[in-house]
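Below: the structure, in structure tokens.
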């Protein structure tokens, strides 16, 4: 089974658990913590994958490292260690968050702009985009890209809205070149 399919299945199981217990928000926050810990400390993967460290030591380490998190989160990480799939943790968290956002009617958007957008600009853009694509809300990740010259380039899933000046100039150039042929 591919890692992506396995990650999706673990995420679906966690989502179902959270939905049944009405703890989706809490699970989402705690999974973000787990993802950050693994992202910032790559030695954890080495320790948890090491064949000379027995499963009991690994489980004890996870209990101590993630003390205070829900049992569902800790047990999922332990299960991943036991099944030698700990490296798919970030993918599981991404799938889980996507499922939570879909359930809430929220989409993630990457907005490229020449300068950092202010909070009020991001809020206004979020409202406008949400109504345009039929969602309740939009989470915006603003990336500064000076090569745009002006305007915005927005990516939501596989859809790109390109209103940048550089894109418009490229279209004008193509039209002029094709008209001269």
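Values for this structure:
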item	result
Extension gain from residue 46 to residue 102, taking 0.36 nm per residue of separation minus the Cα-Cα distance	16.8 nm
Cα convex hull of the chain, projected area averaged across orientations, nm²	14.9 nm²
Degrees separating the helix 24-40 axis from the principal Cα axis of the chain, which is the longest one	90 degrees
Rg/Rh (Cα only; Kirkwood hydrodynamic radius) as it applies to region 3-101	0.95
Helix 3-21 axis, angle to the chain major axis (alpha carbon atoms, nearest 10°)	80 degrees
For 42, 82, order by how many other beta-carbon atoms lie within 10 Å, fewest first	42, 82
Linear extension gain, residue 172 paired with residue 61, 0.36 nm per residue minus alpha-carbon span	33.9 nm
Chain lengthening between residue 54 and residue 162 when straightened (0.36 nm per residue, less Cα-Cα)	33.6 nm
Approximate spin-label separation residue 132-residue 118, in nm, with each point projected 7 Å along Cα-to-Cβ	2.1 nm
Region 106-179 - share of DSSP beta bridges that are antiparallel (%, nearest 5)	55 percent
Relative pair counts by distance (%), Cα atoms of region 106-179, 5 Å bins	3, 16, 24, 22, 15, 9, 6, 3, 1
Between 0 and 90°, nearest 10: helix 55-65 axis offset from the chain longest Cα axis	60 degrees
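Just so you know, all these numbers are worked out from the coordinates, no wet-lab data involved. These numbers were taken from a predicted model, which means no experiment stands behind them. Glycine also receives a Cβ, built like all others from the backbone with ideal geometry; neighbour counts cover every protein chain displayed.
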